[in-house]
Amino acid sequence: MMQRAISVTLFVLCAGVPALAADLAISANGDVEYDDNVFRRDSDKEDDILFRLRPGVRVFEDRGDDLNFSLGYELPVEFSVDNSDELNEVDHSFNGRFDYHVNDRIDIFGNDRYGYLRSTLRDQAVASDELNANQAFPAFTEQRDRVKLNDASLGANYRFSPRLVGRLVGSTDFFDSTRSDRARVYSVGGTADAHYSLTVKHQVGAGGGYTFQDFDDREEVPGSQTNIYRVFGTWRWLIDETLNLEVQAGPSYLETQQDDPSAVRSASAIPFAVLPAAIVTGFFDKTGAALPAGTAVAANSLLIPSFLVQPGGGGSNCATVNGVPVATGCRGNIVLDAISDAALVSSVRDASVLVTHVNPRGVSDHNVNLFADVVLTKRWYPTFASALRYVRQQSAASGLGGTVILDAVSLSNTWDFLERWQLAVRGDWTRRESAFDIERTFDQVTGTNPAGITVPGGVATRNGTAFNSTEDAEIDTDRWGVAARITHQLFRSTSLYAQVRYDQQQSRSDTLGNSSDFENILATFGVSHSFEPIKLW
């Protein structure tokens with residue numbers, strides 16, 4: 001679908017190109033950036049200095065009578081001073097758009113944006129515009145994972161009369177990450193609406209839309225499919241020459257169905273380890289209850305799984321055997337019953353526990369919500385403008401698992417305080433909450449290992465974190481951000497800029513988003529240059 005969307009856009013563009021003029025523009029942007037938390041961690045932060053080059057090329061026609069278009073490609077290249085093995089990367093970013101004036105009644109338009117990215121902000125292609133009110137809210141690539149994304153739309157306007165205009169738009173979104181705790185997400189949908197100009201100052205309208213959103217399986221969370229139906233009204237009010245209000249709002253009906261995996265999805269083995277008589281700290285008994293620090297365990301006690309008793313392990317070790325740190329995942333350190341029979345110990349030492357991955361139930365759910373998009377813009381002076389925006393809509397939440405409701409507020413200000421100088425300041429807050437209760441998947445002990453030994457307690461672990469459970473998988477995440485950017489137009493085609501950003505993301509501790517929480521400061525200085533366009537035909 002993603003490749004088809006790009007192909008359709010390119011086909012429509014190329015069909016009209018031979019009859020028109022076209023220019024080729026080459027750009028060369030670069031910046032140096034201090035990042036105080038390059039891996040987007042909530043603890044054990046690492047800072048670094050990054051150098052980034054973004055050569056780009058664009059073929060465009062912006063003066064056409066009927067067809068205007070733009071096709072652009074950027075190749076962001078990032079270099080790190082202290083973490084070159086992990087952060088040196090080459091990204092790819094493509095964007096295309098067109099608008100075609102068919103006749104006095106019909107206009108056709110479309111756009112496509114594709115990224116194969118790992119750098120700081122997902123959309124480096126619009127980094128220079130990220131403080132503008134109508135741009136998407138900045139999205140960080142947590143832990144610098146490799147991300148593929150594609151957003152495309154195709155639509156048409158039809159003028160029924162000078163005052164009444166109808167619009168039909170189809171769109172598709174795709175997201176995929178290399179992280180195992182992220183799902184691949186695909187969305188497709190469409191909207192139809194109409195706008196009527198009551199007066200010069202008032203425009204009203206109404207419309208409806210449908211979106212289908214599909215989440216693949218991710219670690220511990222089976223996939224789900226969501227249908228979103230919505231109707232809405234619109235109102236645009238030109239309050240005066242300097243103040244404008246735009247509102248789109250209406251009810252939405254959401255229904256979801258989570259996949260119900262079979263009783264046995266796969267089988268895996270969890271090795272045992274056998275301890276001598278020892279003093280342990282940070283362990284749990286077979287029921288999952290925490291053992292007091294300094295608990296003495298008998299010789300031939302079993303530990304599950306064995307990788308948790310290897311010394312070292314990195315990170316914040318929280319369990320010890322005779323004072324030696326052994327693991328990072330405390331909830332996975334489980335002491336089972338001691339075994340007194342030496343022959344039995346020998347047979348168990350390398351034996352395994354068979355487990356099945358089960359989902360207690362595939363769930364279905366539905367709810368009614370309110371979606372809205374409200375923008376208030378004010379031009380205080382010819383050189384100073386502000387915009388306040390509130391958005392409420394469904395979101396993929398970077399593939400965490402299941403559809404979420406996104407609430408976002410932003411306030412941006414732009415001031416051309418000197419002839420070639422501009423200051424832009426933006427603050428934003430974003431909240432993501434699960435739209436439905438969906439279930440996690442956990443390992444469950446079958447009761448007997450391949451050696452025929454019954455496992456006491458029936459307790460298993462998954463990645464050192466999860467027990468047998470029917471716990472819900474929820475998302476409850478807040479992010480705050482503020483940014484200031486000053487730009488100097490050095491020459492007609494060359495500008496310098498300096499920017500400082502602060503961002504913080506927090507999630508409720510028992511929700512899916514807590515693994516991606518971070519606090520971050522970015523300080524960036526860069527230069528942007530566009531060469532004189534070259535006539536192609």
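Reported count of residues in region 177-191, each being modelled with pLDDT of 90 or more and part of a strand (DSSP E or B), is 7. So, in region 109-127, of the ones that are part of a strand (DSSP E or B) and more than 18 Å from residue 169 (Cα to Cα), which residue ends up modelled with the highest pLDDT? The residue in question is 114.
Checked against the criterion of being in contact with a Leu (Cβ under 7 Å, 6 or more places away or on another chain), within 27 Å of residue 430 (Cα to Cα), of a type in the set (Val, Ile, Thr) and at pLDDT 90 or above, region 473-481 contains not a single residue that satisfies it. Out of all the residues in region 403-411, is one or more in contact with a helix residue (DSSP H, G or I) (Cβ under 9 Å, 6 or more places away or on another chain) and outside any strand (DSSP E or B)? Looking through region 403-411, at least one residue is in contact with a helix residue (DSSP H, G or I) (Cβ under 9 Å, 6 or more places away or on another chain) and outside any strand (DSSP E or B).
Taking the criterion of being surrounded by fewer than 13 Cβ atoms within 10 Å (Cβ to Cβ), modelled with pLDDT under 90 and out of contact with any strand residue (DSSP E or B) (no Cβ under 6 Å at 6 or more places or on another chain), the only residue of region 85-108 that qualifies is 85.
Right, residue 386: hydroxyl-bearing (Ser, Thr, Tyr) and modelled with pLDDT of 90 or more or not? Against the criterion (hydroxyl-bearing (Ser, Thr, Tyr) and modelled with pLDDT of 90 or more), residue 386 qualifies.
Restricting attention to region 219-237, does a residue exist that is without any contact (Cβ under 8 Å) to a residue 24 or more places away in the chain and closer than 27 Å to residue 98 by Cα? No: region 219-237 contains no residue that is without any contact (Cβ under 8 Å) to a residue 24 or more places away in the chain and closer than 27 Å to residue 98 by Cα. Is it true that some residue in region 182-190 is touching a helix residue (DSSP H, G or I) at 6+ places or on another chain (Cβ under 7 Å), among the basic types (Lys, Arg) and surrounded by 19 or more Cβ atoms within 10 Å (Cβ to Cβ)? Within region 182-190 (the criterion being touching a helix residue (DSSP H, G or I) at 6+ places or on another chain (Cβ under 7 Å), among the basic types (Lys, Arg) and surrounded by 19 or more Cβ atoms within 10 Å (Cβ to Cβ)), the answer is yes, since at least one residue qualifies. Residues in region 48-65 that are over 24 Å from residue 531 (Cβ atoms) and either modelled with pLDDT of 90 or more or in a strand (DSSP E or B) (or both): 48, 49, 50.
Put simply, of 242, 281 the only residue that is modelled with pLDDT of 70 or more and surrounded by 15 or more Cβ atoms within 10 Å (Cβ to Cβ) is 281.
Go through region 500-533 and give me each residue that's within 23 Å of the chain's Cα centre (by Cα) and of a type in the set (S, T, N, Q).
Result: 504, 505, 506, 507, 509, 511, 514, 515, 516, 520, 524.
Which residues, taken from region 245-278, are surrounded by fewer than 18 Cβ atoms within 10 Å (Cβ to Cβ), aliphatic (A, V, I, L, M) and either closer than 25 Å to residue 188 by Cα or at pLDDT 80 or above (or both)? 245, 247, 249, listed by residue number. Has region 202-217 got at least one residue that is assigned to a strand (DSSP E or B), over 28 Å from residue 375 (Cβ atoms), out of contact with any Leu (no Cβ under 6 Å at 6 or more places or on another chain) and at pLDDT below 90? No, there is no match, as no residue in region 202-217 is assigned to a strand (DSSP E or B), over 28 Å from residue 375 (Cβ atoms), out of contact with any Leu (no Cβ under 6 Å at 6 or more places or on another chain) and at pLDDT below 90.
The values are calculated or read from the model by the stated rules, or taken from the named source; none is laboratory data. Please read these numbers as outputs of a predicted model, since none were measured by experiment. Ideal geometry is used to build each Cβ from the backbone, glycine not excepted, and the neighbour counts take in all protein chains shown.
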